[in-house]
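The values are calculated or read from the model by the stated rules, or taken from the named source; none is laboratory data. Everything quoted here is computed from the prediction, not taken from an experiment. Using ideal geometry, Cβ is built from the backbone for each residue, glycine included, and neighbour counts are taken over all protein chains shown.
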Amino acid sequence: MRQLVVGLLVLVLQACASAVAGTPAPPTGRWLTASGNLEVVVAPCGDALCGTVARVVANHSMADPSVEMTDRPALGLTILDRFTPSGADAWEGHIFNRENGKTYRCTLRLLDADQLEVHPYIGIHLIGQTQIWHRVPEPAAGAEPKAGAEPRVG
């Protein structure tokens, strides 16, 4: 009888923990992509999250860093779109690859306060490549580039 009571108590505690976990912490904020090329601001857009390029740090190809991507503007481009909670610790949505102009399914997962796991994939999670983006401090007030300003390339 005691084992039954303990078992039921464990089930109740697990159910409570799941209810408290609910929606994962949103990966909002400013992130530096794994390539180090772009700073992306992740913020609410309607009922979902989106990520827009706020700063171009370098404008190099991810496939070949010696190639400059002058024909593919990035500043202001939405590269993360329609991310909604998926499970206890992930967000599902779409990521745009400006190098090939294609959009892929993608999972975002906060590893800790300063690391974001970004996993674009084709069809199933196994056909994809995980990247780690790093949090960037928000710029001081007035330090944000003005619209139409030349992005910093370097």
Q) Going by the structure shown, is Thr84 under 20 Å from Leu108 (Cβ atoms), surrounded by fewer than 17 Cβ atoms within 10 Å (Cβ to Cβ) and of a type outside the set (A, V, I, L, M, F, W, C)? A) yes
Q.
Let me confirm something: among Tyr104, Tyr121, which residue is more than 17 Å from Ala48 (Cα to Cα), modelled with pLDDT of 95 or more and of a type in the set (Phe, Trp, Tyr)?
A. Tyr121
Q. Among the residues of segment 68-78, is there at least one that is closer than 19 Å to Thr130 by Cβ, modelled with pLDDT of 80 or more and within 18 Å of the chain's Cα centre (by Cα)?
A. no
Q. Quick one: which strands (runs of 3 or more DSSP E) sit completely within segment 40-140 and have at least 1 residues that are under 15 Å from Arg30 (Cβ atoms)?
A. 48-56, 78-85, 102-112, 115-122, 131-135
Q: Only residues in segment 43-55 that are basic (Lys, Arg) count as the first member; pair them with residues that are in a strand (DSSP E or B), Cβ under 6 angstrom, at least 6 apart or cross-chain, and list the lot.
A: Arg55/Glu39
Q: Report yes if Val42 is on the phi < 0 side of the Ramachandran plot, at pLDDT below 95 and surrounded by 15 or more Cβ atoms within 10 Å (Cβ to Cβ), otherwise no.
A: no
Q | Odd one out for Pro24, checked against (1) modelled with pLDDT of 90 or more; (2) of a type outside the set (Phe, Trp, Tyr); (3) surrounded by 16 or more Cβ atoms within 10 Å (Cβ to Cβ) | A | (1)
Q) Which residues, counting only those in segment 93-112, are surrounded by fewer than 16 Cβ atoms within 10 Å (Cβ to Cβ) and either among the acidic types (Asp, Glu) or under 12 Å from the mean Cα position of the chain (by Cα) (or both)? A) Glu99, Leu111, Asp112
